[in-house]
1. Is it the case that the range B:708-716 has a residue that's in contact with a Leu (Cβ under 9 Å, 6 or more places away or on another chain), surrounded by 24 or more Cβ atoms within 10 Å (Cβ to Cβ) and more than 12 Å from every other protein chain (Cβ to nearest Cβ)?
2. Select from the range A:33-48 the residues that are within 7 Å of the ligand (Cβ to nearest atom) and in a helix (DSSP H, G or I) and list them in ascending order.
3. For the range B:174-227, give me each residue that is exposed (fewer than 15 other Cβ atoms within 10 Å of the Cβ) and polar (S, T, N, Q).
4. Being away from chain B (no Cβ under 13 Å) and within 18 Å of A:GLY93 (Cβ to Cβ) is the filter here; which residues of the range A:166-191 pass it?
5. What residue, of B:ALA113, B:ALA122, is under 16 Å from B:ILE56 (Cβ atoms), open to solvent by less than 10 Å² (accessible area, probe 1.4 Å) and not basic (Lys, Arg)?
6. Go through the range B:727-750 and give me each residue that's β-branched (Val, Ile, Thr) and within 14 Å of chain A (Cβ to nearest Cβ).
7. Can you name every one of the helices (runs of 4 or more DSSP H) wholly within the range A:80-130 that holds 2 or more residues which are more than 11 Å from the ligand (Cβ to nearest atom)?
8. Does the range B:605-646 hold any residues that are within 14 Å of another protein chain (Cβ to nearest Cβ) and at positive phi, and which are they?
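The values are calculated or read from the model by the stated rules, or taken from the named source; none is laboratory data. Since we're looking at a predicted model, the values are computed, not measured. Cβ: placed from backbone, ideal geometry, glycine included. Neighbour counts: every protein chain shown. Note: accessible area is taken over every heavy atom of the protein model, side chains too, but ligands, DNA and RNA are not part of it. Shrake-Rupley method; radii C 1.70, N 1.55, O 1.52, S 1.80 Å.
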Amino acid sequence: MKYVAPSSVEEATSLLSSSPSAQVFAGATDVVPQLRSGRTAPEVLVDLKKIKELVEVNSDGDKWTVGAATPTAYLTEDESFSHEFPGLSEAAGLIGSDQIQNRSSLGGNLCNASPAADSVPAMVVNGVRAVVAGPNGTRVLDVSEVVTGPGQTTLDDDEFIVEFEIDKMPNRSGDAYLRMTPRTEMDIAVVGAGARVTLADDGSIEQAVLALGAVAPTVVRIPDAEQALLGSTADEETLNAVAAAASAACNPIDDKRGTVEYRKQVAGVLAKRAVVIAIERAEQRNGSN
Amino acid sequence: MAITEENPGYKWVGTRPVRPDGVEKVTGKARFGADLILPGMLHGKVVRSPHAHARIVSIDTSAAESMEGVKAVITGADFPDLAANGAHPSEIDVANNTIARDKVLYEGHVVAAVAAITREQAEAAAKAVTVTYEVLPHVLTVDEAMADDAPLLHDAMITKGVDPAPEEPSNIASKILHERGDLDQGFGEADSVVEREFTTKPVHQGYIEPHAAVADANTDGRAHIWCSSQGHFQMRAYTATVLGVSPGTLKVTAAEIGGGFGGKTVIYLEPLAVRLSQRAGRPVKLVMDRDEVFRATGPTSGTRIKVKMGVSKDGKITAAEVWMAYEAGAYAGSPVGAAGMTAIACYDIPNFVVEGYDVVCNKPRVAAYRAPGAPMAAFAVESVLDELARNIEMDPIDIRLANAAVEGTQASYGPKFPRIGFVETLEAIKEHPNYTADLGPNQGRGVAAGFWFNAGMMSSATVHINENGTATVVTGSPDIGGSRQSMALMAAEELGIPYESIKPVVADTETVGFNDVTGGSRVTLATGAAVVDACRLIVEDLRGRAAKTWDVEVDQVEWVDGQAQHVDGAQPPLSLNDLAAKSGRTGGPISANASLNSRGVGAGFSTQLCDVEVDPETGVTKVVRYLTAQDAGRAISPDYVEGQMQGGVVQGIGWALNEEYIHDTEGVMENPSFLDYRIPVASDLPMIDCAIVEVPNPAHPYGVRGVGEVGIVPPMAAVGNAIHDAVDVRMTELPMSPIKVLEALNENDG
Ligand SMILES: Cc1cc2nc3c(=O)[nH]c(=O)nc-3n(C[C@H](O)[C@H](O)[C@H](O)COP(=O)(O)OP(=O)(O)OC[C@H]3O[C@@H](n4cnc5c(N)ncnc54)[C@H](O)[C@@H]3O)c2cc1C
């Protein structure tokens, strides 16, 4: 097995094009366990962390860009980012432990394509875009377009994600991410729920996006719940409709981590709770901050 | 801290100095099982069965043997056939569990082992060993194993303890029975009777350090083994049995140990490492991966337990009927015997029947785990007692006080209790502020109690006085819970010199007298008593030397504060330092040995109080407050006593809420990693509050009882009782995972 650490995006793409059994990695917190267990055996491992733009967080007037290999600890520690995207920041802060978060990246979390990846529902509700580099230049995808099933992505073998673009959080908007795990830390989501809302001046909901993790092969949006919330103030009846829609949107499996019944029921509970938190945050976010 | 008997002016016993092994451990210098590297050392890898139950048709090692770097490949055929040699059945089981001969009895059972120059070569060679199996039907639980037409693990297993002996073999290795009084009469006198059935899953000890062994065999048949274990004398004995050699040919050095909890009182790798080393002519290291630790070591039993108990209106238990079946795993020897003896030992009950079955099934052979057998039984009994207290509207502590065993009570398992401190632990809980702390919404409070015998057994110690008056205290008890500090504290007290002047060490099997395993909470009691004996011999010797120096009778000399003093002050005192410096002129080196069979154990009791908060919509239980009161007899090292109390509780909370072996239908373990085998992490727990109770054990010079185990007995029931108090569901299955709690809540609503 060969280890290479290109210093530019171009160098990396040409490496990938010339070596068919190459695999990129960022924090390697998924890659190393997979190598150890014998599940994967790439001939070349391409370290993305030496490419500058992949390991930085920037914000200009309209958007944030987060390098795909940036340790997720940056997102929880960057006060202005976590103030603006508390839900996404909390999702990143749920990955593993402090030690893991000093290595783990959004790019790895997304492209490992685990149905339970914590940052993905939070990225989906925030409309995050992935900038993908390949031999023919770059293309931009919605995060929701990247994963097609467990371990499967729409990226070609010689493509990788350079960075994520996140539009600034509008006024009167807020996000939230909650997950259920039996333990408080070092665990994998049995159910994850992300929500983002924007409020109208009268306090009713103008926009809502809800997404669930760990309850289907990929992250699922909940259009019925989003619909139910529009124009409402998230009264109890609406929230119950959100919960019912979330449960119905699940397509989970029975496994050692949870049962179908449990996942469906708790998806409803977490979706409802995430909406409530997102609304509280949206209420606090007006012009002045 | 609740002290029931005043500290009689000890200077060192009962203090909290820095631990003697601390610096080496925090600087990473301490050597654990896998740390040793010897010149020319090879790396071994074990080949394990993928099947839960199968006959080994053939093993082809030729491909592996011809691979690059491979120096030895062994199978069961490389070990003596103990059955053919007429060995004791328990010895044959140890051998067959170490490496299978003709049948594999669980997924992970060893069938072969290889040694090669690098670990990668060894792993590749292990994969190249071809084993042909004839897969057999398997049984995974006591229910499956006890079914009429169940496939048998051992064709000749006739249930012991049944009269007349059954004619047909079965998977039931033995039956136990304890009876007193008249059940019908007892239940007739009851005003409230509760009957419940409980199930628990196998759980692993969860030590962080995987098993590891290095062996270096000589051509004269002798071998040196370094391993992490709870008792290197025991490792020597078992390894000698499996290899068919005399124990004296083996020398075993104890590595530092990263947790054992009972699971490192048995052998797995040692005989394999020795045989590989003999075949290869080089030292061999074997280290388990975490998944091997889960698949093939530990755990403790899964169980099914039925309990029926009755109480009168005034809270007196009138009758108890307990039926239990414990999984032994692949070979006879579940802890059901201890379970039967401990199940109702906290209480003075006039009428009872306790019946238990030791049942083999196609899972790894169970090993001791902290108070083996007692926690599951206590989960059942203490849950039922909680329900009875509710039925008669009695406080949970008061109902236990009304029935508590005291000095003179005829224990349910036979003997009369000497002085014990159960009542004091109940009172300590009642007096603690946690008992009346406010509870929030969805919070509840539970009480449970537990009993453990504590062991005594055999120990040896040697004390050397160095030329500057410092002392080396040598024992053969691996330190798994702070025993070196306790040894040093007792020696400091006896010799009258500072704790810092004492170096406690754990010596190998050739350097100190025999010591039984570090287990049964026995080391501070028994090895501690040996240290005290040896120190007293030293003091006698020192008084004699002072008498000689002063030319007086020895009874004119007292030993006070680390110096010899003349009773009338007729001579200036002689310090240990003075005497040590002059030892060459007063009789030679100052040193003493003591070996003993423990003079008596002190039973341990623990009562615990747990507050939980249950999320009624997700079933997640969070422990918000926890108090444990335990009778230590005497806390030689209060830091370590609290550490043991807290450790037991934490493991019990894990057992209560999330830990379990999950097997698929083929008998393959699905969660052999710490990700999906969920021991608690720090953020799952509140600080565990401790109330040390000290009711001295009359059989120990300082009153020590032993504290390592009983703390894990009450937590499952304490948590379950608190969940009931919080959300009104009675949990009868472990673990009380969010899924199960939510199911129970849904049933209540429906
Ligand atoms: C102890 C532990 C706890 C964990 N806990 C959690 C948890 O709570 N929640 C959670 O969601 N995950 C958890 N994980 C999984 C893992 O940490 C996360 O998925 C993490 O975000 C992966 O990031 P990484 O940079 O380490 O990815 P890597 O391991 O470097 O890569 C993962 C995959 O993504 C690919 N990849 C990486 N970067 C790119 C890129 N820029 N473009 C294209 N493909 C790329 C790699 O080829 C690989 O297939 C845990 C892992 C461990 C070991």
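1. Yes, the range B:708-716 contains a residue that is in contact with a Leu (Cβ under 9 Å, 6 or more places away or on another chain), surrounded by 24 or more Cβ atoms within 10 Å (Cβ to Cβ) and more than 12 Å from every other protein chain (Cβ to nearest Cβ).
2. Applying the first criterion (within 7 Å of the ligand (Cβ to nearest atom)) to the range A:33-48 yields A:33, A:48.
Scanning the range A:33-48 gives a single hit, A:PRO33.
3. Hits for the range B:174-227 are B:GLN185, B:ASN218, B:THR219.
4. Matches in the range A:166-191: A:ILE166, A:MET169, A:GLY174, A:ASP175, A:ALA176, A:TYR177.
5. On the way: B:ALA122 fails: under 16 Å from B:ILE56 (Cβ atoms).
Criteria check complete, one pass: B:ALA113.
6. Step one: list which residues in the range B:727-750 are β-branched (Val, Ile, Thr), which gives B:727, B:729, B:732, B:739, B:741.
Across the range B:727-750, the qualifying residues are B:ILE739, B:VAL741.
7. Fully inside the range A:80-130 and qualifying: A:86-92, A:119-125.
8. B:GLY619
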